[in-house]
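The structure appears below as structure tokens.
The values are calculated or read from the model by the stated rules, or taken from the named source; none is laboratory data. Everything numeric here is computed off the predicted structure, so don't read it as measured data. Cβ atoms come from the backbone with ideal geometry, glycine included; neighbour counts cover every protein chain shown.
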Amino acid sequence: MAIVRSAHRLPAGVAEKPGLTVIEANLLSLGDEELARHVSGCDAVISCLGHVINLKGIFVKQAP
């Protein structure tokens, strides 16, 4: 399973891989129970969350 913000940004053919379920969602908008349901039974979770790679993203306080 992969939870992605934009499924259309995945490389060609990735979403069609056998055994892969793609869920399009913003992790911050998922509730605790919903996220727990999605990762139930997973052996590992890989997070690629980060900040904007530019000076504004590093040094400017972002709005909540």
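Structural remarks
- Only residues that are surrounded by 11 or more Cβ atoms within 10 Å (Cβ to Cβ) and either touching an Asp or Glu at 6+ places or on another chain (Cβ under 8 Å) or charged (D, E, K, R) (or both) were counted in the stretch 6-16, giving 1.
- Gly31 modelled with pLDDT of 90 or more and surrounded by fewer than 10 Cβ atoms within 10 Å (Cβ to Cβ): yes
- Members of the stretch 34-51 that are loosely packed, with under 10 Cβ neighbours inside 10 Å and among the small types (Gly, Ala, Ser): Ser40, Gly41, Ala44, Ser47, Gly50
- Among residues of the stretch 1-21 being assigned to a strand (DSSP E or B) and free of Cβ contacts under 8 Å to residues at least 24 places away in the same chain, the one that is nearest to Asp43 (Cα to Cα) is Ala2.
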